[in-house]
Amino acid sequence: AHITFDTKNIENFVAAHEFSEMQPLITMADEQLRHRTGAGAEYSDWITLPTDYDKAEFSRIQAAAKQIQSDSKILVVIGIGGSYLGAKMAVDFLNPMFNNELADDQRQGVKIYFAGNSTSASYLNDLVRVIGDQDFSVNVISKSGTTTEPSIAFRVFKQLLEKKYGAQAAKKRIYATTDAKHGALHDEAISEGYETFTIPDGVGGRFSVLTPVGLLPIAASGANIQDLMNGAKDAQEEYSESDLTKNEAYKYAAARRILYDKGYTTELLINWEPTMQYLSEWWKQLMGESEGKNQKGIYPSSANFSTDLHSLGQYIQEGRRDLFETVVKLDNPVSNLDLPHEAGNNDGLQYLEGITIDEVNTKASQGVTLAHVDGGVPNLAVHLPAQDAYTLGYMIYFFEMAVGASGYTFGINPFNQPGVEAYKTAMFALLGKPGYEEATKDFRARLGE
Ligand code: PA5
């Protein structure tokens with residue numbers, strides 16, 4: 001079984017011929033993507049990653065994960081953006097909801113905590129307290145090796161390791177995932193002798209979950225990274241046609257583009273499982289950083305249902321009509337629960353007896369889709385047949401392929417992120433980083449300093 005894509009709930013909004021009219025644009029995008037003639041093609045090695053990755057390094061990742069599981073209770077994973085969200089998505093999706101709180105014998109691997117994804121001091125202090133006297137290791141992940149947030153967090157946890165284990169033993173508990181040749185983290189890893197893993201040159205941060213960036217934390221959590229790669233590999237084969245009627249990733253790209261052209265400029269990725277919240281966060285970076293350029297692109301947003309139906313639901317039903325939804329529906333979650341029997345009908349739930357809580361979830365999702373369609377919100381659906389690594393790998397490739405093609409239909413470079421630098425310049429200027437002297441004067445003056 002593999003993932004499927006469903007457009008029946010946009011039929012009120014999009015006519016069949018509009019898809020065929022989109023075919024030439026998709027063919028052109030496919031051409032640019034696969035023949036690497038489009039802008040940013042040097043960062044499109046993710047296309048063949050599922051069949052063309054470093055197998056020796058893959059085995060080293062599995063061995064490192066085993067080592068971490070044998071000498072640590074906790075792995076602190078330090079990274080931000082593309083060096084964070086893919087691992088967080090997968091660790092959440094492939095493990096129980098409260099994995100870090102379970103008893104040790106109830107967990108498949110180590111507890112995973114993420115750090116370096118904000119500039120909050122409290123977050124770091126609180127995580128240090130959580131670690132307490134438990135054994136831990138650190139996986140620091142940064143392609144550039146110079147990103148401020150993870151660099152700060154790495155100092156904190158490196159010093160904690162040194163205090164706990166001594167300088168030499170600490171080095172054995174640090175795993176660095178970074179560029180093959182350059183950057184401060186690369187240089188430190190070489191001089192200190194940390195075990196290192198490589199982020200391939202041709203794979204940008206938001207496309208890097210199937211490289212060591214995602215694979216080491218995912219493996220350490222106990223999930224099966226071979227299955228993850230196998231799912232992506234089968235998806236690579238399935239999504240290899242330019243024909244929209246045969247390639248559902250491209251059909252998704254086309255549907256989004258048709259809707260955008262009709263004024264539906266915000267896409268909400270919807271989930272019905274709390275373990276999928278970070279799937280949306282990963283997807284938001286993938287879509288937003290790839291498409292949001294030249295004053296164009298669909299704004300990627302998300303909502304967690306049914307939770308957010310009690311907050312955002314009103315807006316979705318009746319607010320500005322520029323929204324469409326893409327529901328990622330997990331058809332068979334790993335566990336289910338019967339509604340507990342109760343004598344009498346004090347809570348008014350007797351009519352639900354005999355059905356499972358997951359059936360309630362599914363009916364709720366179907367009902368909400370119909371209500372939103374009636375309210376003028378086009379609704380796309382991606383169905384995940386199982387909550388497992390194979391399916392996740394498949395889905396990752398589906399979205400990556402879709403955004404690669406979609407980016408080219410917008411005539412932009414889907415693989416760069418020049419806009420991410422603006423905030424860094426302002427921040428460095430205010431912090432007085434050497435090399436930013438002119439900007440420092442300017443920004444400080446704007447703050448009246
Ligand atoms: O996609 C991107 O470029 C960003 O989100 C980066 O992944 C993020 O800034 C982290 O960069 P680095 O891995 O160099 O620390």
Exercise. Out of the stretch 297-308, which residues are surrounded by fewer than 17 Cβ atoms within 10 Å (Cβ to Cβ) and either of a type in the set (A, V, I, L, M) or in contact (Cβ under 8 Å) with a residue 40 or more places away in the chain (or both)?
Worked result: 306
For this session: Output yes when any residue across the stretch 29-38 is in contact with a His (Cβ under 9 Å, 6 or more places away or on another chain) and not β-branched (Val, Ile, Thr), and no when none is.
Result: no
Exercise. Got a number for residues in the stretch 371-393 being in contact (Cβ under 8 Å) with a residue 60 or more places away in the chain and within 25 Å of residue 14 (Cβ to Cβ)?
Worked result: 9
Exercise. From the set of residues in the stretch 259-277 that are in a strand (DSSP E or B) and touching an Asp or Glu at 6+ places or on another chain (Cβ under 7 Å), which is surrounded by the most Cβ atoms within 10 Å (Cβ to Cβ)?
Worked result: 270
Problem set entry | Any hit, the stretch 414-429, residues being outside any helix (DSSP H, G or I), of a type in the set (Gly, Ala, Ser) and at pLDDT below 95 | no
For this session: Return the residue satisfying two criteria in turn: it lies in the stretch 74-110 and is polar (S, T, N, Q) and either more than 23 Å from residue 140 (Cα to Cα) or away from the ligand (no atom under 16 Å from the Cβ) (or both), and of such residues it is surrounded by the fewest Cβ atoms within 10 Å (Cβ to Cβ).
Result: 106
For this session: May I ask you to say which residue of 165, 113, 175 is away from the ligand (no atom under 16 Å from the Cβ), under 29 Å from residue 431 (Cβ atoms) and either basic (Lys, Arg) or at pLDDT 95 or above (or both)?
Result: 113
Exercise. What do you reckon, is residue 317 free of Cβ contacts under 8 Å to residues at least 40 places away in the same chain and not β-branched (Val, Ile, Thr)?
Worked result: no
For this session: Just one of (1) without any contact (Cβ under 8 Å) to a residue 12 or more places away in the chain; (2) within 14 Å of the ligand (Cβ to nearest atom) trips up residue 155, so point out which.
Result: (2)
Problem set entry | Conditions (1) in a helix (DSSP H, G or I); (2) within 29 Å of residue 97 (Cα to Cα); number of the one not met by residue 222 | (1)
Problem set entry | Checking residue 37 against (1) crowded, with 18+ Cβ neighbours inside 10 Å; (2) touching an Asp or Glu at 6+ places or on another chain (Cβ under 8 Å), the condition it does not meet | (1)
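The values are calculated or read from the model by the stated rules, or taken from the named source; none is laboratory data. Small disclaimer: the values here were computed from a predicted structure and weren't measured. All Cβ positions, glycine included, derive from the backbone under ideal geometry; neighbour counts span all protein chains shown.
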